[in-house]
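What follows is a single structure, written as structure tokens, with notes after it.
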Amino acid sequence: MDETNRECPEQATCACLKTDYPVSFAIFALARSHRARAASMLADIGLFPGQEILLMQLAEQDGKPQKSLCESIGLDHSTVAKSVARLERDGLIERRKCLEDGRVSQVHLTARGREMTEAISRVWAELERQTVEGLTGEERTQLLHAIKKIAGNGPASQEDAETDCAALSTVA
């Protein structure tokens, strides 16, 4: 790569980034495209990106404390609190005080929330189908291997690396 200090005009639509850093730019473009596709599909069922993750966490373990949701998703309290409030407003979840410790707020799926998790599974199945369309089984395996390797290259902490790689391991 050319390491010289050349100009990169803002209006150049990132051409120098694409040329000089092709892998990072490809990952950026893929993530952006994939997120937009997911957002569109989730909007069709009335959700914003990220809300499906909260709902699916509750489908796996209903009644999780709100703090535990923050930790398992890796988001800050205020972000999760806003999502929880919106999902509660939409009738998909409800918060209840913990019987053992009234200071703890537990989050539960409603019947409507449980139905939504079925729709989420259909959305993610279709997203997966579209994402890997045209790839052979071997190519999918290679892609997952490369993603796991890249994900382990520079996380904020060793704990993040273990969490991210564990999540990717469940996919393979």
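Closer than 15 Å to residue 88 by Cα and part of a loop (DSSP other than H, G, I, E, B): is that true of residue 47 in this structure?
Values: closer than 15 Å to residue 88 by Cα: yes; part of a loop (DSSP other than H, G, I, E, B): yes.
Criteria met by residue 47.
Picking from 125, 167, which residue would you name as being at pLDDT below 90, under 16 Å from the mean Cα position of the chain (by Cα) and under 30 Å from residue 89 (Cα atoms)? First the steps, then the outcome.
Details: 125 fails: at pLDDT below 90.
Exactly one of 125, 167 is at pLDDT below 90, under 16 Å from the mean Cα position of the chain (by Cα) and under 30 Å from residue 89 (Cα atoms), namely 167.
Just the residues that are closer than 24 Å to residue 119 by Cβ, among the small types (Gly, Ala, Ser) and outside any helix (DSSP H, G or I), please, taken from the stretch 75-104.
Hit for the stretch 75-104 is 91, nothing else.
Starting from residues that are surrounded by 15 or more Cβ atoms within 10 Å (Cβ to Cβ) and out of contact with any Leu (no Cβ under 8 Å at 6 or more places or on another chain), keep the ones in the stretch 75-85 and report whichever is modelled with the highest pLDDT.
Restricting attention to the stretch 75-85, the residues satisfying the condition of being surrounded by 15 or more Cβ atoms within 10 Å (Cβ to Cβ) are 75, 80-81, 83-84.
Filter again for out of contact with any Leu (no Cβ under 8 Å at 6 or more places or on another chain), leaving 75, 81.
Numbers: 75: 83, 81: 88.
Looking at the filtered set, the residue picked out is 81.
For the stretch 56-74, which positions are of a type in the set (Lys, Arg) and not in a helix (DSSP H, G or I)?
First, pick out the residues of the stretch 56-74 that are of a type in the set (Lys, Arg): 64, 67.
Residue satisfying the conditions is 64 alone.
Failed condition for residue 52, given (1) of a type in the set (Asp, Glu); (2) outside any helix (DSSP H, G or I); (3) modelled with pLDDT of 85 or more, with all others met?
Only one criterion is unmet by residue 52, namely (2).
Can you tell me which residue within the stretch 102-156, out of those that are in contact with a Gly (Cβ under 6 Å, 6 or more places away or on another chain) and in contact (Cβ under 8 Å) with a residue 40 or more places away in the chain, is farthest from residue 51 (Cα to Cα)?
106
Residue-by-condition table, conditions (1) basic (Lys, Arg); (2) touching a strand residue (DSSP E or B) at 6+ places or on another chain (Cβ under 7 Å); (3) within 25 Å of residue 28 (Cβ to Cβ):
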residue: 52; (1), (2), (3): no, no, yes
residue: 82; (1), (2), (3): yes, no, no
residue: 85; (1), (2), (3): no, no, no
residue: 114; (1), (2), (3): yes, no, no
residue: 145; (1), (2), (3): no, no, yes
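The values are calculated or read from the model by the stated rules, or taken from the named source; none is laboratory data. Given the structure is predicted, the values throughout are model-derived calculations rather than measurements. Methodologically, a virtual Cβ is constructed for each residue, glycine included, from the backbone with ideal geometry; neighbour enumeration extends over all protein chains shown.
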